[in-house]
Ligand code: SF4
């Protein structure tokens, strides 16, 4: 059997019909996360939602932002969120920045549930990689995510430290030029739907 491990540079990527082993492996690894989950009480979509709302910032904790993150319809995302609210794992809370809207928060029961997150095994495998290999892998995945999001015309999710909207030199501390908000420590370490990838650095 012939394994296709790399794109033939003689063939333009968009015209190459051969299977890409690396792309297939990425999908395979993602499916393995939930394939033998130790806690099957939640579906993969519910686990993804619970994890998303635990790591998304205050501008992104809405069902519609989750639908973009999970690449699904707003209706499907809304049903997933409602099911987790009914289980007591998520809750709607008033949005302090906008009294007319609500944000989705993970409840203490949801936080406890996340202790059994089936993603933990993959996280362990990633953290076991040598630091330089892990950094290169993270960079490659970020580029892949940005490029695929650009091709599909959907948002790229990321964190403030890597975002083109983040002004770290603002007089009062880090400031988001997109949302016109000061950024606290929680914001800086959270996922954001308004993330704008900065041009890759040339070293
Ligand atoms: S700086 Fe970027 S990632 Fe951070 S809140 Fe603003 S848009 Fe989102």
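No lab work stands behind these numbers, since they all come straight from the coordinates. Just so we're clear, the structure is a prediction, and the values are computed from it rather than from any experiment. Cβ: placed from backbone, ideal geometry, glycine included. Neighbour counts: every protein chain shown.
Structural remarks
- For the chain, the Kirkwood radius over C-alpha pairs fed into Stokes-Einstein at 20 °C and 1.002 mPa s yields D = 112 µm² per second.
- Per-residue Cβ neighbour rank within 10 angstrom, fewest leading, 188, 136: 136, 188
- Estimated at 0.36 nm per residue, the fully extended path between residue 129 and residue 97 surpasses their Cα-Cα distance by 7.5 nm.
- Fewest-first sequence of 106, 29 by Cβ atoms within 10 Å of each Cβ: 29, 106
- Residues of the range 135-162 falling in the label zone of residue 26, defined by backbone nitrogen less than 13 Å from a point 7 Å along Cα to beta-carbon, are 137-152.
- For the chain: relative contact order, % (alpha-carbon pairs under 8 angstrom, 6 or more apart): 18
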